[in-house]
Amino acid sequence: MGRPELQFQNFTRGGLKVELCQSARSLGQLWQFRNAIFRGGMLGDDRDIWDETYLNFCIKNIDKNEILGCFRLGIFPSGTAAVHGYSAQFFDLSPLRVFDRPVLELGRFAIDPQRGNSDIFRLAWGVVTQLVDQNNVSFLFGCSSFVGTYPQAHSAGFRYLCRHRHIAPHSWRPVFHGGYRLAQALEDHKDGGAPDLPPLLRAYLGLGGKVSDHAVIDPDLRTTLLFTGLNVAQVPQKRAQRLRAIFAAH
């Protein structure tokens, strides 16, 4: 696996700037931000082995030069090689072998809950779209995180995903080797309220993305995970055009 090909220059837009983090200083600031978001500011930072080969991005406000959001991207030459990525720690991704062109993993996607806004979200997806186009990517994937290690707490969201046919097709769905089957949520007749879907997952679904039929626990970050994937060829054309238009003027 290598770093994605990217013809990218840091740029500004609407009081925000997007940076590719490469220096020791910028990466250190990024890991501290991720630590605050994902680990509640515990001692240390959030770096891991995948930071060595993935591209790390941050989005900052121009006036204070503070990180407001971040994400990282890793590319594999085909779906077969995705078993060496971050998500493969939690899910059996052997079915991704059906994708014989490059696949892209999106991870550590975070926006400051106090200062973030929709512009940060759109800029992040603009960068992702650039890499998809530049690397002829056929499939985009990652893990969607739900707070806590009790899957039943998210039964309303899981019922929504099942009832609205957001479960991935058998052709590339991760193989079940344990975890919480989302179909179990259909048997829970309690009123779970509105579905509690993370913003990143909603974005995937809006583009035609699908999820695994089971959830697993991440004991490190203490979250419940769903594998989330998007067949790039099936993204509605108008939505793809809107994503490409984000950076068209730059």
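Read-outs throughout are calculated quantities, based only on the coordinates presented, and are distinct from any laboratory measurement. Everything numeric in this text was worked out from a predicted model, so none of it was measured. Note that we place each Cβ from the backbone using ideal geometry, even for glycine, and neighbour counts take in every protein chain shown.
Numbers below:
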item	result
Under the Karplus curve 6.51 cos²θ - 1.76 cosθ + 1.60, θ = phi - 60°, whole-Hz ³J(HN,Hα) for the stretch 224-230, x wherever Gly or Pro sits	9, 10, 10, 5, 10, x, 9
Distance between modelled label sites at residue 196 and residue 147, nm, 7 Å Cα→Cβ extension	0.7 nm
For residue 54, distant residues with modelled amide H under 5 Å away	none
Highest-first arrangement of 152-158, 131-137, where packing means the average Cβ count within 10 Å	152-158, 131-137
P(r), alpha carbons of the stretch 1-156 - 5 Å bins starting at zero, rounded %	2, 9, 17, 20, 20, 16, 10, 5, 1, 0
Ranked packing of 168-176, 41-49, most packed first, by mean Cβ within 10 Å	168-176, 41-49
Gyration tensor (alpha-carbon) shape descriptor, the stretch 14-95, a/c threshold 1.5	prolate
Highest-fluctuation residue, 102, 77, 236 considered, GNM on the chain with Cα pairs under 10 Å	236
Cα shape, the stretch 130-250, gyration tensor, a/c 1.5 rule	prolate
